[in-house]
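Enquirer: Questions regarding the structure given below will be posed in turn.
The values are calculated or read from the model by the stated rules, or taken from the named source; none is laboratory data. The structure displayed is predicted, hence computed values, not measured ones. So basically every Cβ, Gly included, is an ideal-geometry build from the backbone, and we count neighbours across all protein chains shown. Just the protein is used for accessible areas: all its heavy atoms, side chains included, with ligands, DNA and RNA removed. Shrake-Rupley method; radii C 1.70, N 1.55, O 1.52, S 1.80 Å.
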Amino acid sequence: MAKNTICVWYDKDAEEAARFYAGIFPNSAVGAIIRAPGDYPEGKQGDVLVVEFTVAGVACVGLNGGPVFKHNEAFSFQISTEDQEETDRYWNAIVGNGGQESECGWCKDKWGVSWQITPRVLLEALGVGGGEAKRAFDAMMTMKKIDVAAIEAARRG
């Protein structure tokens, strides 16, 4: 396990979620699966308790902690994409497998974890500042999944 790891709480599907993420994003994998050594409030001995996994190079732990805590947008994975094809691939994988669209490049997977699928062209435009950033920002505010061509057009004015 990495020294600094993001812990993501799941009701009971940490292993399924980790395998899903590893199948979508490059530089992702499922590591150790730790089973409960005894019964606990939301499960029994032998149930998957913790799953170590990596998402796009980021070390994570999935904890099957039960239904007490729910995900919200205060935590999200932000995935930077190079083009529309990559943006579409990730967005469609998350939304098309029980997920949900949101605004401005945000979506949720079927476990309620938030994702920002963000093309680099958008981040670059915002980083430039001035009128170019404002035009790109205004265009983004009208979108669910980010349209790379529309952001590029907005940057040009």
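Enquirer: Which residue pairs have Cβ atoms closer than 7 Å, lie 6 or more positions apart in sequence or on different chains, and pair a first residue in the range 39-56 that is in a strand (DSSP E or B) with a second residue that is open to solvent by 40 Å² or more (accessible area, probe 1.4 Å) and of a type in the set (Lys, Arg)?
Expert: VAL48/ARG35; LEU49/ARG35
Enquirer: Look through the range 1-29, keep the residues that are touching a Ser or Thr at 6+ places or on another chain (Cβ under 8 Å) and aliphatic (A, V, I, L, M), and return whichever of them is nearest to GLN116 (Cα to Cα).
Expert: ALA22
Enquirer: Moving to a separate point now. Output the residue which, of all residues in the range 26-43 that are in contact with a Gly (Cβ under 8 Å, 6 or more places away or on another chain) and not polar (S, T, N, Q), is surrounded by the fewest Cβ atoms within 10 Å (Cβ to Cβ).
Expert: Taking the candidates together, the pick is PRO41.
Enquirer: May I pose another question? Working only within the range 117-147, note down all residues that are surrounded by 17 or more Cβ atoms within 10 Å (Cβ to Cβ) and in contact (Cβ under 8 Å) with a residue 24 or more places away in the chain.
Expert: Matches in the range 117-147: ILE117, THR118, PRO119, VAL121, LEU122, ALA125, GLU132, MET140, LYS145, ILE146, ASP147.
Enquirer: Can you report the number of residues in the range 44-68 which are at positive phi and surrounded by 14 or more Cβ atoms within 10 Å (Cβ to Cβ)?
Expert: 2
Enquirer: In addition: Among the residues of the range 74-88, is any open to solvent by 50 Å² or more (accessible area, probe 1.4 Å) and in contact with a Ser or Thr (Cβ under 8 Å, 6 or more places away or on another chain)?
Expert: Yes, the conditions are met somewhere in the range 74-88.
Enquirer: Based on this model, can you work out whether VAL30 counts as under 17 Å from the mean Cα position of the chain (by Cα), of a type in the set (A, V, I, L, M, F, W, C) and not in a loop (DSSP other than H, G, I, E, B)?
Expert: yes
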